[in-house]
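A.B. asks: Have a look at this one.
The values are calculated or read from the model by the stated rules, or taken from the named source; none is laboratory data. Fair warning: this is a prediction, and the values are worked out from it, not measured in the lab. Heads up, the Cβs are rebuilt from the backbone with ideal geometry, glycines too, and the neighbour counts pull from every protein chain shown.
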Amino acid sequence: MSVVERLKAVRHTLNVSQKVFAKSIFMSTSNLACLESGYRKIKDTVLDTVSKIYNVNKEWLLTGKGEMFDMEPPDVKLEELSGIFKRLNVHFQGYILDQVKHLENIQKKENQVNK
């Protein structure tokens, strides 16, 4: 597996789009697409950024040796939700919590039916 393939594997493992991943590592979506397609060479600074932000083992990125992650990767979707939630006023935060609890109850009922 090449460095390009390992970079893509990180993004896929995190289950994030090119747009979200690119933004999180401070680059444009088109630039990331060029890196992932092999059209542009991946600079060491990109690997450093990915490694720091997502706890990715840089040695694994470079060579494939070792584990993909140095420690548990961050939950990107949860961090995005948390950021949005913090920017909402208290009234909307309460509404969101109520909706999430409601969705959790629906999921529990569906899980019981599917057993």
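A.B. asks: Name the pairs whose Cβ atoms lie under 9 Å apart, with the first residue in the stretch 97-115 and in the same structural domain as Ser82 (by TED's automatic domain parsing), the second surrounded by 10 or more Cβ atoms within 10 Å (Cβ to Cβ), and 6 or more positions between them or separate chains?
C.D. replies: Here the result reads Leu97/Phe85, each pair linking the stretch 97-115 to a residue that is surrounded by 10 or more Cβ atoms within 10 Å (Cβ to Cβ).
A.B. asks: As an exercise: evaluate Asn15 against (1) closer than 14 Å to Lys77 by Cα; (2) surrounded by 13 or more Cβ atoms within 10 Å (Cβ to Cβ); (3) in contact with a Lys or Arg (Cβ under 9 Å, 6 or more places away or on another chain) and give the number of the one condition it does not meet.
C.D. replies: Result: Asn15 passes all but (2).
A.B. asks: So, one more: Which residue pairs have Cβ atoms closer than 7 Å, lie 6 or more positions apart in sequence or on different chains, and pair a first residue in the stretch 64-85 that is closer than 16 Å to Ser17 by Cα with a second residue that is exposed (fewer than 11 other Cβ atoms within 10 Å of the Cβ) and of a type in the set (S, T, N, Q)?
C.D. replies: none
A.B. asks: Can you say whether Glu79 is within 23 Å of the chain's Cα centre (by Cα) and in a helix (DSSP H, G or I), as far as the supplied structure shows?
C.D. replies: Yes.
Residues are listed down the side, and each one gets a yes or a no for (1) over 16 Å from the mean Cα position of the chain (by Cα); (2) small (Gly, Ala, Ser); (3) not in a helix (DSSP H, G or I):
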site: Ile53; (1), (2), (3): no, no, no
site: Leu62; (1), (2), (3): yes, no, no
site: Lys65; (1), (2), (3): yes, no, yes
site: Gly83; (1), (2), (3): no, yes, no
site: Tyr95; (1), (2), (3): yes, no, no
site: Lys108; (1), (2), (3): yes, no, no
site: Gln112; (1), (2), (3): yes, no, no
